[in-house]
Amino acid sequence: MADALLRVHNVETAYYGRLTVLRGVSLEVPPGQIVTLLGSNGAGKTTLLRTIMGLIPDQPEKGTVEFAGRRLSGMDPEDIAALGIGYVIEGRGIFPELTVEENLALGAYRRRGPEIRADVGHVHTLFPVLRERSRQLAGTLSGGEQQMLAIGRALLLRPRLLMLDEPSLGLAPLLVREIFRTIAGVNRDGTAILLVEQNARMALSIAHYGYVLESGRLVLEGSAADLAENPNVQELYLGVTREPSIKGWKRYKVRRRWA
């Protein structure tokens, strides 16, 4: 895609130069779209995000990562972030010993100017609880509030692309829906999103496009609507079982054919 904001091409990533985790992964995130990456635990989803952000030394071993036409290989993570990529890690990554206000300030640490105050106000509009808790230590927030804080901090970078790793992890269903409504709202404001999420049903409900990663390889891609109708995706990630209802018939699993 000529106008892709993020382009990952034929990437192979290894830890410590020995264990190859990603094998020939290629994907694109167009401007203003939500792209979701589905896969089981250990498939390599987090490794891909960490590779994009330059958090794995001397990786990728092969392939290229480009953002807005610029090669990211060899760049430090803080310089990649400065180009306009926000990253919310799995587990949120907040600073528990700092206040909510101080955590948000860290999101804008490379910025200057009066517009920062307006952006903090926008984050408070998205997550009113953060205004109420501004003087509270971040470590005392609930899991959902900490996730809101992590997303809000990333938004203060004013990213063109926001990468989210398991934003619903450990949250109650009501909070999950609230987080996903906010993610969709951030996207409507113009921010592209690369979403890694175990809750495939929620991810596909807001995404435009998706990829399925298995054992470090991409095995399927397509529009979110098409993936939601794919029998393998339904059985493996959406909890849709395929079994006859006639009494006495045995249960069976669909044989996966990704091609």
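Report yes if E132 is closer than 26 Å to G44 by Cα and out of contact with any Phe, Trp or Tyr (no Cβ under 8 Å at 6 or more places or on another chain), otherwise no. Don't jump to the end; show me each part of the working.
Values: closer than 26 Å to G44 by Cα: no; out of contact with any Phe, Trp or Tyr (no Cβ under 8 Å at 6 or more places or on another chain): yes.
Considered against the rule, which asks whether it is closer than 26 Å to G44 by Cα and out of contact with any Phe, Trp or Tyr (no Cβ under 8 Å at 6 or more places or on another chain), E132 comes out as no.
Please state which of the following conditions D79 fails to meet, knowing it meets all the rest: (1) free of Cβ contacts under 8 Å to residues at least 60 places away in the same chain; (2) within 25 Å of I183 (Cβ to Cβ).
Checking D79 against (1) free of Cβ contacts under 8 Å to residues at least 60 places away in the same chain; (2) within 25 Å of I183 (Cβ to Cβ), the one that fails is (2).
Looking at A14 and the list (1) at pLDDT below 95; (2) assigned to a strand (DSSP E or B); (3) crowded, with 20+ Cβ neighbours inside 10 Å, which single condition is not satisfied?
It is condition (3) that A14 fails.
What single numbered condition from (1) assigned to a helix (DSSP H, G or I); (2) under 22 Å from the mean Cα position of the chain (by Cα) fails to hold for A118?
(2) is the only condition that A118 fails.
Considering only residues that are in contact (Cβ under 8 Å) with a residue 60 or more places away in the chain and either part of a strand (DSSP E or B) or crowded, with 20+ Cβ neighbours inside 10 Å (or both), which ones fall in segment 202-215?
Correct list: A203, L204, A207, Y209, G210, Y211, V212, L213, E214.
Please list, ordered by first then second residue, the pairs with beta carbon atoms under 6 Å, 6 or more apart or interchain, first in segment 35-48 and within 16 Å of L238 (Cβ to Cβ), second part of a loop (DSSP other than H, G, I, E, B).
Hits for this filter: T36/A207.
So how many residues does segment 105-133 have that are in contact (Cβ under 8 Å) with a residue 40 or more places away in the chain and buried (at least 19 other Cβ atoms within 10 Å of the Cβ)?
Within segment 105-133, residues that are in contact (Cβ under 8 Å) with a residue 40 or more places away in the chain and buried (at least 19 other Cβ atoms within 10 Å of the Cβ) number 3.
The values are calculated or read from the model by the stated rules, or taken from the named source; none is laboratory data. If you're wondering where the values come from, they're calculated on a predicted model, not measured in any experiment. For neighbour counting, all protein chains shown are included, and Cβ atoms are generated from backbone atoms with ideal geometry for every residue, glycine included.
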